[in-house]
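Below: one structure, written as structure tokens.
The values are calculated or read from the model by the stated rules, or taken from the named source; none is laboratory data. As the structure is a computational prediction, the values presented were derived from the model and not from experiment. Cβ placement follows ideal geometry from the backbone for every residue including glycine, while neighbour counts extend to all protein chains displayed. Only protein heavy atoms, including side chains, enter the accessible area calculation; ligands, DNA and RNA are left aside. Shrake-Rupley method; radii C 1.70, N 1.55, O 1.52, S 1.80 Å.
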Amino acid sequence: MPTGSSGSPGSSSLKNLLRGARLTILRTNPAKLLVVGYVGYMLAGWFLLSLPIAHTVSVDTIDNFFISVSAVSTTGLATVDPASSYSFFGELVILLLIQVGGVGYMTIGSFAVLATAHKLSPLREKITRAAFVLPSDLKPGHFILTVVVFTLVCEAIGAVALWFIFFSAGEENAVWSAIFHAVSAFCTAGFSLNSSSFEAYSGNAGLNIVISALSLLGAMGFLVIWDVWRNFTSGAFHLGFTTKVILRITGAFLFIGTLILFVADPGIAALQPTERLLAAFFQTMTATTTVGFNTVPIGSLSMSVLVLLFVLMAVGASPSGTGGGLKTTTFAALLAIMRSTLKQRSQVRFFKRPIAASRLQAAGASAVYFIVLMAIAIFLLGLTDPQFEFERVVFEVISALGTVGLSMGITGDLSSLGKLIIIILMTAGRVGILTFGIAIAMHDETREEEEDNELLL
């Protein structure tokens with residue numbers, strides 16, 4: 001046998017197998033890859049949270065899985081109190097899961113690749129474009145560098161500001177609490193080391209401002225930050241259409257929601273004027289950004305205010321950000337369809353700009369799929385957990401599907417089947433409602449890519 005053989009038949013077969021697997025992955029719909037990636041992190045987090053070192057008290061297996069999924073999906077719903085149930089190691093695992101879920105499971109790994117190889121593989125570029133809905137003229141590598149640097153800077157500044165607030169309030173472990181809540185706020189996760197979230201700080205203007213700023217920066221989306229930064233560095237300030245839509249819709253929601261809560265809720269109206277305004281704004285912000293913190297008890301809010309929160313949580317944050325929900329751009333497209341239909345226009349326009357048919361189709365499909373998933377989940381929870389009032393179940397479902405994390409107090413009392421239903425909803429909300437639907441479709445369908453950067457959904 002020749003000694004210069006390039007390799008054994010076994011090694012050649014292995015290379016062919018790996019090459020075939022790589023081609024299969026590259027041909028797989030990015031939506032499926034996103035779901036598989038996030039589920040992988042959820043399972044890894046479940047394993048780590050199940051270790052004895054992660055607990056201070058006994059935690060059921062289903063609850064460890066629930067917390068892991070809630071952290072990766074940046075929802076914040078919790079069946080057990082994280083601060084009293086998990087050790088420092090467990091809290092650290094939760095924080096890392098929140099960070100990975102907030103900036104995207106592929107982002108951190110891609111940043112490490114860029115730091116060493118200075119170039120992304122086609123697979124990483126493919127998944128990055130799918131995860132952040134990037135326009136064709138934006139290079140994924142540059143975008144990822146911006147995302148990571150911006151995230152770390154915001155979280156660091158937020159942690160320092162929160163440390164001063166917590167230290168002044170005499171809170172124990174102020175440093176760790178500041179770091180944890182800064183990351184949780186920017187990633188719109190809503191996980192808190194306080195059993196009552198921030199109800200004790202309802203009148204603290206500093207905390208309300210810092211948490212709101214972090215949440216809004218994360219929820220409005222990295223594309224908005226990229227667009228603003230690009231204009232700032234170039235000297236020609238001209239925001240893109242998508243950025244203008246996001247800023248206007250978000251601003252309108254914050255103003256209208258704050259006004260309604262300020263006037264309509266009896267519990268908030270009973271507060272002192274300054275605290276009343278802070279509470280009204282904070283609860284509007286927390287629903288709009290899907291961050292999930294609260295400064296007033298959610299269960300005490302009036303029915304009319306709960307209906308408003310239903311809408312804000314369902315619409316949610318903006319594309320390419322850390323928040324969930326249908327997205328503000330989807331809501332804008334649906335408004336454009338309604339307005340054009342009422343005015344009997346043949347072309348759908350928003351802010352005097354035409355919207356491509358493919359974007360309108362995606363917006364309509366997302367809304368319908370959201371309603372279908374919501375209806376199925378409410379029906380199933382009515383069977384598994386019939387002891388809860390209808391409005392509490394609806395609130396829990398919308399909160400999970402929008403990855404908001406607000407609750408009217410039923411999360412910890414759900415049955416095991418009920419918790420599994422919420423877990424599925426949180427997973428769907430994290431990868432995106434429409435993306436989740438595409439991922440679970442039976443077959444991949446090839447489609448021609450449309451180049452349209454007018455409105456990214």
Leu43-Leu152 FRET efficiency (beta carbon distance; Förster radius 25 Å; 0.05 resolution) | 0.40
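Please list Leu43, Leu193, Leu383, Leu309 in order of solvent-accessible area, largest first, computed with a 1.4 Å probe with all protein chains present.
Values: Leu43 85, Leu193 30, Leu383 115, Leu309 0 Å².
Most to least solvent-accessible, the answer reads Leu383, Leu43, Leu193, Leu309.
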Just report the Cα centroid separation between the range 330-381 and the range 386-438, whole Å.
-> 23 Å
Cleavage-rule hits (chymotrypsin sites (Phe, Trp or Tyr not before Pro)) in the range 204-286: DSSP loop, at most 14 neighbouring Cβ within 10 angstrom | Phe237
What's log10 of I(q)/I(0) for the range 29-108 at q = 0.10, 0.15, 0.16, 0.17 Å⁻¹, Debye sum over Cα points only, no solvent?
-> -0.21, -0.46, -0.52, -0.59
Could you work out the local net charge near Met42, counting Lys and Arg as +1, Asp and Glu as -1, over the other residues with Cβ closer than 15 Å to its Cβ?
-> +1
Of the candidates Asn208, Ala269, Val228, the farthest towards the positive dipole end of the range 137-280 (Lys/Arg Cβ +1, Asp/Glu Cβ -1, centred on the Cα centre) is Val228
Any chance you could list the semi-axes, whole Å, largest first, of the equivalent ellipsoid that the Cα gyration tensor gives for the range 348-422, using √(5λ)?
-> 33, 12, 9
Taking Cα pairs under 8 Å and at least six residues apart, what relative contact order does the range 232-355 come out at, in percent?
-> 20 percent
Summed residue charge, Cβ within 11 Å of Ser177's Cβ, Lys/Arg positive, Asp/Glu negative = -3
The summed charge of the Thr322 Cβ neighbourhood (under 12 Å; Lys/Arg +1, Asp/Glu -1) stands at 0
Where the range 173-283 is the region considered: accessible area per residue in Å², 1.4 Å probe | 41 Å²
Cα-based Rg/(2.2 N^0.38 Å) for the range 281-430, rounded to two decimals, is 1.12
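Restricting attention to the range 312-405, which GluC sites (Glu not before Pro) occupy a DSSP loop and are surrounded by at most 15 other Cβ atoms within 10 Å?
Hits after loop and neighbour filter: Glu389.
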Relative contact order %, the range 351-414, counting alpha carbon pairs below 8 Å whose residues are six or more apart | 25 percent
Whole-percent tail of the Cα-Cα distance distribution for the range 188-325, cut at 18 Å, equals 54 percent
Assuming a ≥ b ≥ c are the square roots of the Cα gyration tensor eigenvalues, decide whether the range 300-339 counts as rounded (a/c under 1.5), prolate (otherwise, with a/b larger than b/c) or oblate.
-> oblate
